[in-house]
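Below: one structure, written as structure tokens.
Just so it is clear, none of the values below were taken in a lab; they were calculated from the coordinates. Remember, predicted model here, so these are calculated numbers, not experimental data. Because the Cβ atoms are built from the backbone with ideal geometry, glycine has one as well, and the counts that use them run over all protein chains shown.
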Amino acid sequence: MLSDSTTLALLREHQLFDRLPDSAFQEVGNLAIYRRLHNLDILFHQGDLAERFYLLLEGQIILTRVLPEGNEKLVEVIQPGQIFADSLLFCDTRHYPVTASALKSSGLISIDGAHYRRLLEEQPSICLELLASFSIRLHQRLAEIDTLAVANASRRVARFLCQEQAAGNGKIKLNVSKRLIASQLGIQPETFSRILHRLIDAGLIAMEQRNIRIINTLKLASYHE
């Protein structure tokens, strides 16, 4: 049960909850749990029973998936204010398709999925707003698929950097390891590092530790080897 007024207010502000009647929101708060994770703590494993979804308050959570051939793939980096594992409320999947772990010390709210779904069945207008939110996330996934469809590894990296620049208002910070980013792009870590160095040598990007600055966006967008 959530009792802290500040935490409840943050939950109330999210679009999944801001239009719920007060009585319904109180039910959500009564069944919600505050969780604290330390660096590298596992929130849930791929294959665990999916009974709850989460709102990240602070820190970072990474979602990864182990592919049939055994490789680990980065699916998404969750930032504060984002909900995750909520899409499972609307499908027949009963198990988490990914593993969620803390990239740094994190605080989050754990919400009872079955109870929230029952509330939505009583509030159909809210479902329309959720469809809009899921549509945006679907377009993001389609953009990632388009990147993976590019056969050339250099084009994948260039496209990834352009997408990250747009999402980060011109700034790119590699919040996860190069190994995980490479897995997201379907290439080897050493290939990813080699292409970054080529882009630096070509004068298209500058890199300082984990921060990347794009020098020539137009040439990067059309870069190929």
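In terms of the Cα gyration tensor, with a ≥ b ≥ c the square roots of its eigenvalues, is segment 40-117 rounded because a/c is under 1.5, prolate because a/b exceeds b/c, or oblate? Oblate, since a/c reaches 1.5 and b/c is not below a/b.
Taking square-rooted eigenvalues a ≥ b ≥ c of the alpha carbon gyration tensor, is segment 150-221 rounded, prolate or oblate, where a/c under 1.5 means rounded and, failing that, a/b exceeding b/c means prolate?
Values: a/c = 1.36, a/b = 1.20, b/c = 1.13.
Since a/c stays below 1.5, the shape of segment 150-221 is classed as rounded.
For Ile172, the amide hydrogen comes within under 5 Å of the amide hydrogens of Ile212, counting only partners 5 or more places away or on other chains and with H modelled in the peptide plane.
Among the listed options (1) 18.4; (2) 17.1; (3) 19.2, the one matching Kirkwood radius over Cα pairs in Å as calculated from these coordinates is (3). Under the combined filter of DSSP loop state and at most 13 neighbouring Cβ atoms within 10 Å, segment 17-101 retains these trypsin sites (Lys or Arg not before Pro): Arg19, Arg94.
Working note: Karplus 6.51/-1.76/1.60 with θ = phi - 60° gives segment 32-46 the couplings 7, 9, 8, 10, 10, 10, 8, 3, 6, 5, 8, 7, 8, 9, 4 Hz, where Gly and Pro are set to x. From a point 7 Å beyond the Cα of Arg117 in the direction of its Cβ, which residues of segment 34-63 have a backbone N at a distance under 17 Å? Within reach of a label on Arg117: 47-54.
For a paramagnetic label modelled on Asn39 (point 7 Å from Cα along Cα→Cβ), amide N atoms under 20 Å away belong, within segment 61-75, to 61-64. Under a GNM of the chain (C-alpha, springs under 10 Å), which listed residue has the highest mean-square fluctuation: Glu69, Glu190, Glu122? Highest fluctuation of the listed residues: Glu69. When the Gaussian network model of the chain links Cα atoms closer than 10 Å, the mean-square fluctuations of Ser125, Ser154, Ser106 top out at Ser125.
Applied to segment 213-223, the Karplus parametrisation 6.51 cos²θ - 1.76 cosθ + 1.60 on θ = phi - 60° returns per-residue 3J(HN,Hα) values of 10, 7, 8, 9, 5, 5, 5, 5, 4, 9, 5 Hz, with x for Gly and Pro. Between His95 and Gln46, the modelled label-to-label distance comes to 1.1 nm, taking each label 7 Å out from Cα in the direction of the beta carbon.
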